[in-house]
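The values are calculated or read from the model by the stated rules, or taken from the named source; none is laboratory data. Note that this is a predicted model, so its numbers are computed, not measured. With ideal geometry, Cβ positions are generated from the backbone for all residues, glycine too; neighbour counts draw on all protein chains shown. Areas reflect the complete protein model, heavy atoms only, side chains present, ligands, DNA and RNA absent. Shrake-Rupley method; radii C 1.70, N 1.55, O 1.52, S 1.80 Å.
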Amino acid sequence: DAKTTQPNSMESNEEEPVHLPCNHSTISGTDYIHWYRQLPSQGPEYVIHGLTSNVNNRMASLAIAEDRKSSTLILHRATLRDAAVYYCIRPSGTYKYIFGTGTRLKVLA
Amino acid sequence: ETGVTQSPTHLIKTRGQQVTLRCSSQSGHNTVSWYQQALGQGPQFIFQYYREEENGRGNFPPRFSGLQFPNYSSELNVNALELDDSALYLCASSVGTLNTGELFFGEGSRLTVL
């Protein structure tokens with residue numbers, strides 16, 4: 001089963017860091033972990049992806065456990081514009097992405 | 001560089017009708033994937049097109065079909081519409097077919113079946 005496990009919802013205060021966890025215990029050694037987010041009334045938007053080591057970009061950081069069975073998306077300073085549904089995704093086969101129900105992040109002013 | 005555009009943005013159909021949704025991929029992208037997103041759920045993979053050929057398919061019946069054109073734009077066709085087909089249909093473009101790259105999504109076409 002290629003699905004991942006995420007909490008249904010999380011809350012954060014504005015300007016504070018947010019750690020969004022994801023479990024992917026059946027991931028294979030060559031599968032990347034991808035994170036996308038979906039703002040209200042929009043299509044999903046790429047956030048970050050990685051294979052083994054931690055990854056950083058202008059939007060977020062991705063920390064991948066050494067055994068690769070879990071990962072954490074880190075938003076360093078949450079803003080109101082970060083309120084969205086965050087999806088942790090692993091691929092199924094060579095071309096298909098399996099989305100779960102994601103984590104709905106609420107950012108409090 | 002234009003992003004992924006989808007049309008129409010909203011439409012209403014009745015059961016048994018047919019619908020065609022359109023997607024223009026981002027410049028330079030040769031792969032288009034279609035997803036169905038029911039209310040409150042994550043997107044579900046329908047199929048992928050690469051260089052005008054279907055490259056893979058999810059768990060959707062044959063009445064869901066597609067096309068990709070030489071300019072890499074794509075259509076999703078759904079025949080014999082059912083109430084459960086009501087959803088947001090998302091198109092995503094990418095370069096190549098491997099799942100190591102970034103998908104660029106459009107804003108979707110919201111279909112309501114009455």
* To do: Can you check what the net charge comes to around B:Q17, using other residues whose Cβ is under 13 Å from the Cβ of B:Q17 (Lys, Arg +1; Asp, Glu -1)?
  => +1
* Kirkwood Rh, Cα atoms: Rg over Rh of the protein assembly as shown -> 0.97
* Asked: Measuring from centroid to centroid over Cα atoms, what is the spacing of segment A:1-37 and segment B:46-63 in Å?
  -> 27
* Threshold 50 Å², segment B:14-58 residues less accessible with all protein chains present than alone (1.4 Å probe) -> B:P43, B:F45
* Asked: Tally Lys/Arg at +1 and Asp/Glu at -1 over every other residue whose Cβ is under 12 Å from the Cβ of B:Q6; what's the total?
  -> 0
* Asked: Label B:T5 and B:F60 with points 7 Å out from Cα along Cα→Cβ: what is the distance between them in nm?
  -> 2.2
* To do: Would you please name the GluC sites (Glu not before Pro) within segment A:1-76 that are DSSP coil residues with at most 16 other C-beta atoms within 10 Å of their C-beta?
  => A:E14, A:E15, A:E66
* Length released on extending from A:L51 to A:H76, taking residue separation times 0.36 nm less the Cα-Cα span -> 6.9 nm
* Asked: Label-point separation (nm) for B:R15 and A:K69, each offset 7 Å from Cα along Cα-to-Cβ?
  -> 4.7
* To do: Once every Cα of segment B:1-101 carries one equal point scatterer and solvent is ignored, give the base-10 log of I(q)/I(0) from the Debye formula at q = 0.12, 0.17, 0.22 Å⁻¹, two decimals.
  => -0.37, -0.74, -1.21
* Semi-axis lengths, Å, chain A, gyration tensor of Cα atoms, sqrt of 5 times eigenvalues -> 23, 15, 12
